[in-house]
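As structure tokens, the structure follows; a few thoughts come after it.
The values are calculated or read from the model by the stated rules, or taken from the named source; none is laboratory data. Keep in mind that this is a model prediction, so the values were computed, not measured. Here Cβ is always computed from backbone atoms with ideal geometry, including for glycine, and neighbour counts include all displayed protein chains. We work out accessible area using only protein heavy atoms, side chains counted, and drop any ligands, DNA or RNA first. Shrake-Rupley method; radii C 1.70, N 1.55, O 1.52, S 1.80 Å.
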Amino acid sequence: MKIAFFDYPWSLGEPPKIGSGILCYQLALRLAHSHQLISYGSKAPHHQELEYTEDGITYRRINNNFIDQLFDLLLVLDDWQIFPAKRPFFASKFCNFKYYWQVAKDLQSQDCDIIQINFAFHVAPLIRAFNPQAKIVIYLQTEWLSQLDHQLIEQQLKAVDLVIGCSDYITQKIRDSFPNIPCQTIFNGVDINHFVVNQEARKNKQNEVKTLLFVGRISPEKGVHILLEAFNKVVLKYPQVRLKLVGPEGKFAVIPLQMMNMEDPHVQALTPFYQGEYSQKLRQILSPQAIDSVCFLGPLEQLDLVEHYQDADIFVFPSVWNEPFGIPLVEAMAMELPVVATDSGAFPEIVEAGKTGLLVARSDADALAEAILQLLMNDNLSQSMGKAGRARVVERFTWEKSAQTLVVEYDKMFA
């Protein structure tokens, strides 16, 4: 089969090293072993060519354009909530229209069997107009299809042959909202050959101070403020502990509030954290006893994460919203770390509560602290959960398994 992938204009026409584009890249790498794979992305100033091939993937690069740069200014209207909450500009056909028009036009000459639109569901009608013969697949990592205006989404989905959700949590919401649209779950994965613990190094670890680790955007919906409140409590009972937070901070790390389900009371409660700088508010939460034991490390490329998972004792992912999946969870489990996460979204599909980790209620700093302390004080439980977590990832959450399942769904469309 000849398959084309693309997502947002800010994805460059090259192998990604950070961000959500890694998910699509990992799938593309594996599909390219037995299929012809094209990946579209923007042309950066350092790119010398409009087409480039690496690891069996052909990258076709789209030039930036002045029209979309002007329209991008309208995205601020979403921040100001000028557009209706269920019909935001980011879901409009005018959002990055020129970029997607160029992709659609170029695809017309490629004669692809499958066109997979990663994340940018709203451009499906445009792609269909230029490519009536292709099967169009939407690959989703959000609740947007069930969250936004039903009539708007229904019109956009008429151009789609299949919707892929990254978890049963996401897929079931889509099925409930659009029962006539074919929709299947394909879990995200992890490279188990890269995310593998060095047993000798862990065995020789002499540091008496235990390390808690968080990996993700430093954004309110990730519950970092809840984690810091919990850490204040943990330090009082277990002083030999530190907390490392890996992930980008600042404006571009914080997902706009209106992009989430505002009908969820836990999301509504995040509103105060959008008034002012979130990163600054986080530092103010820390108690005098805890402040010197917390380290914000900033964003890291995925290949550099292994050493931090290796150095950690417990992984904590306290999301306040309903997380669509949770790649850091499976990375941590692959590295044989016990995990503490919230009992919401897709997390119960990943974590076997009591076996590979502990699940606690959302927005509950006391419960989060108690779960962390339980693992800090029980090395045998932590080690057994870590081993069970690795086994679960190998069984269910590898990119090889995801790619194989995806090909099966592709084949069904041609049966």
Pick out the long, greasy-scoring helices in the chain: whole DSSP H runs spanning 18 Å or more along their own axis by Cα, mean Kyte-Doolittle at least 0.0.
224-237
As a test of the formula, what do you get for the chain when each DSSP H run with n ≥ 4 contributes -39,500 (n - 2.57) and the sum is divided by the residue count, at 222 nm and rounded to the nearest 500 deg cm²/dmol?
-10500 deg cm²/dmol
Given segment 112-226 reduced to its alpha-carbon atoms as identical point scatterers, what log10 I(q)/I(0) does the Debye formula return at q = 0.22 Å⁻¹?
-1.21
With +1 on the Cβ of every Lys and Arg and -1 on the Cβ of every Asp and Glu, the dipole magnitude of segment 211-273 about its Cα centre, in debye rounded to the nearest 20, is 380
Would you pull out the residues with amide H under 5 Å of Ser39's amide H, same chain only if 5 or more places away, H placed 1.01 Å from N?
Phe5, Thr58, Tyr59, Arg60
Loop-located GluC sites (Glu not before Pro) in segment 152-220 whose Cβ has at most 15 other Cβ within 10 Å (DSSP):
Glu208
I need the GluC sites (Glu not before Pro) found in segment 1-70, filtered to DSSP loop residues with at most 16 other beta carbons within 10 Å of theirs.
Glu49
Of all accessible heavy-atom area on the chain, the percent that carbon and sulfur account for (1.4 Å):
53
Work out the P(r) tail for segment 87-166: percent of alpha carbon pairs separated by more than 16 Å, whole number.
47
Could you list which residues have their amide H under 5 Å from that of Tyr139, counting only those 5 or more apart in sequence or on another chain, with H placed in the peptide plane?
Ile117, Asn118, Phe119, Ile164
Could you do me a favour and compute the accessible area per residue for the chain, 1.4 Å probe, result in Å²?
43
Angstrom value of the Kirkwood radius, inverse mean 1/r, which spans all Cα pairs in segment 281-415
16.4
Between Ala269 and Asn180, what is the FRET efficiency for a Förster distance of 45 Å, r being their Cβ-Cβ separation, to the nearest 0.05?
0.80
Among Ile218, Val234, Gln156 the positive-end extreme of the charge dipole of segment 108-248 (Cβ point charges):
Val234
Report, as a whole number in µm² per second, the diffusion coefficient that Stokes-Einstein gives for segment 156-214 at 10 °C and 1.306 mPa s using the Kirkwood radius over alpha carbon pairs.
103
Quick one: putting +1 on the C-beta of Lys and Arg, -1 on the C-beta of Asp and Glu, what dipole do you get for segment 121-190 around its Cα centre, in Debye to the nearest 20?
220
Given Lys237/Lys387; Lys17/Lys387; Lys203/Lys281; Lys210/Lys355; Lys203/Lys355, the pairs whose alpha carbons are separated by over 30 Å
Lys203/Lys281
What is the gain in length, in nm to one decimal, between Lys203 and Gln280 on full extension, counting 0.36 nm per residue of separation less the C-alpha to C-alpha distance?
24.0 nm
Charge dipole of the chain about the Cα centre (unit charges at C-beta), most positive-ward option of Ile62, Ala129, Thr142
Ala129
Which of Ala361, Ala346, Leu373, positive extreme of dipole for segment 337-415 (C-beta unit charges)
Ala346
Of Ile372, Ile314, Ile255, which is the most mobile in a GNM of the chain whose springs link Cα atoms less than 10 angstrom apart?
Ile255
Percent of Cα-Cα distances greater than 18 Å, calculated over segment 349-415:
54
Hey, in the GNM for the chain with a 10 angstrom Cα cutoff, which one of Gln374, Gln155, Gln48 fluctuates hardest?
Gln48
How large is the dipole of the chain about the Cα centre if only Lys and Arg carry +1 and Asp and Glu carry -1, each at its Cβ, rounded to the nearest 20 debye?
140
Only Cα pairs under 8 Å and at least 6 apart count here; give the relative contact order of the chain as a rounded whole percent.
15
Extent of the chain along each principal axis, from alpha carbon coordinates, in Å, largest to smallest?
63, 47, 45
